[in-house]
Amino acid sequence: MKTNHCKIVDCTVRDGGLVNNWDFSVEFVQDLYASLNAAGVDYMEIGYKNSPKLMKGSEAAGPWRFLNEDFLNKVIPNKGNTKLSALVDIGRVDENDILPRSESLLDLIRIACYIKDVDKGLDLVQKFHDLGYETTINIMALSNVMDNDLVEAFQMIKESPVDVVYIVDSYGSLDHNDFNFLVKKFQEHLPNKRLGVHTHNNMQLAFSNTLVAAELGVELLDASVYGMGRGAGNCPTELLLTHLKNTKYHLRPSLGFIQKHMIAMREKWEWGYLIPYLVTGTLDEHPRSAMALLASPDRDKYEEFYDRMMTPEGSF
């Protein structure tokens, strides 16, 4: 399998923050950066660049939810080869908060949006591109997007300066056949764009789906250490480090980090493959209902949960 074109984007802090409300210590993030840099990982997504004034409950979230440049400079005083990335959501970012790239530690800004907001997403892409950043657009919940809407979005994306377009399996409901179909579709309509992939592990397919995409030529591969991410989590970074046929990656640094930080964190916070996430993935549903079940006294009542989800008024 040829994968020497691939680049790993580690999302542990950003997507993992959805598990613990971004309650990561500075030491955790510094150790993570050092381990990823030593492992040869290309990008570390160090959080969101959203604006606290545009979001409710912002005061309860950790600092990685609303990255501040002064804070970032204290956390990463000596940047290595691993580039830094941040994600923004449509309607949750004040573009005036974004410095030019020449004044920022960030290299890549990724814009997450639903299909209906691709035009707004591309407006942000243009602004961040003009500020000197690498950019991606991540179309969420692709499994629920109508074909004609996708083709219409492709026309706008094709004309934009965005560097990378992401295929996102938000609900962890896609398999290798779906990825085969989607990657080829994106390649057909966006021959001038590089592609990325973001997978969730509801059906234990995040790793294999990522490999299918890589083999088809997708370049940016999202992952997180120990698979830490919302709900069922993501493709584990350490699996890509050891499996991609790319001699610059090294597994050992990530093992030391997992040993020091992730074992205890996994006991405190729950993520990864669990039956309720299998159910929502199978039904192509957002995992919020599974998350609600797992936070309730009925967390192990799988049959009852399945039956409820199978009725039209099923979700919580």
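The values are calculated or read from the model by the stated rules, or taken from the named source; none is laboratory data. Given the structure is predicted, the values throughout are model-derived calculations rather than measurements. When we count neighbours, we look across all protein chains shown, and the Cβ atoms used for this are built from the backbone with ideal geometry, even at glycine. Please note that ligands, DNA and RNA were not included when accessible areas were found on the heavy atoms of the full protein model with its side chains. Shrake-Rupley method; radii C 1.70, N 1.55, O 1.52, S 1.80 Å.
Across every direction, the projection of the convex hull enclosing the Cα atoms of the stretch 223-316 has a mean area of 7.1 nm².
In this Cβ point-charge picture (+1 for Lys and Arg, -1 for Asp and Glu), the stretch 174-256 has a dipole of about 220 debye about its Cα centre. Per residue, the convex hull around the alpha carbon atoms of the stretch 1-78 comes to 118 Å³. Seen from a random direction on average, the alpha-carbon convex hull of the stretch 149-281 projects onto 9.1 square nanometres. The string of couplings for the stretch 217-228 from the Karplus curve (6.51, -1.76, 1.60, θ = phi - 60°) is x, 5, 9, 8, 10, 6, 7, 8, 5, 6, x, 5 Hz, one whole number per residue in order, with x for Gly and Pro.
Legend: residues 66, 257, sorted from most to least accessible area (1.4 Å probe; ligands, DNA and RNA excluded), read 66, 257.
When the Debye formula is applied to the Cα atoms of the chain, each taken as the same point scatterer, what base-10 log of I(q)/I(0) results at q = 0.13 Å⁻¹? One equal scatterer on each Cα of the chain leads to -0.95.
Taking the accessible area of the chain, probe 1.4 Å, and keeping the other protein chains in place, the carbon and sulfur fraction comes to 50%. Take every Cα pair under 8 Å whose residues are at least 6 apart in sequence, average their separation, divide by the length of the stretch 17-102, and the relative contact order is 40 percent. Summary: within the chain, the longest segment free of trypsin sites (Lys or Arg not before Pro) located in DSSP loops with at most 15 other C-beta atoms within 10 Å is 80-244. Would you kindly give the portion of the calculated P(r) for the stretch 263-316 that falls above 18 Å, as a percent of all Cα pairs? Beyond 18 Å sits 28 percent of the P(r) for the stretch 263-316.
Taking the Cα centre of the stretch 1-114 as reference, the dipole from Cβ charges on Lys and Arg (+1) and Asp and Glu (-1) amounts to some 300 debye.
Its Cα centre serving as origin, the chain has a Cβ charge dipole (Lys and Arg +1, Asp and Glu -1) of approximately 800 debye. When the pairs 7/158; 2/248; 79/245 are compared against a 20 Å limit on Cα-Cα distance, 7/158; 79/245 fall above it. With all pairs of different C-alpha atoms in the average, the Kirkwood value for the hydrodynamic radius of the stretch 209-261 is 11.8 Å.
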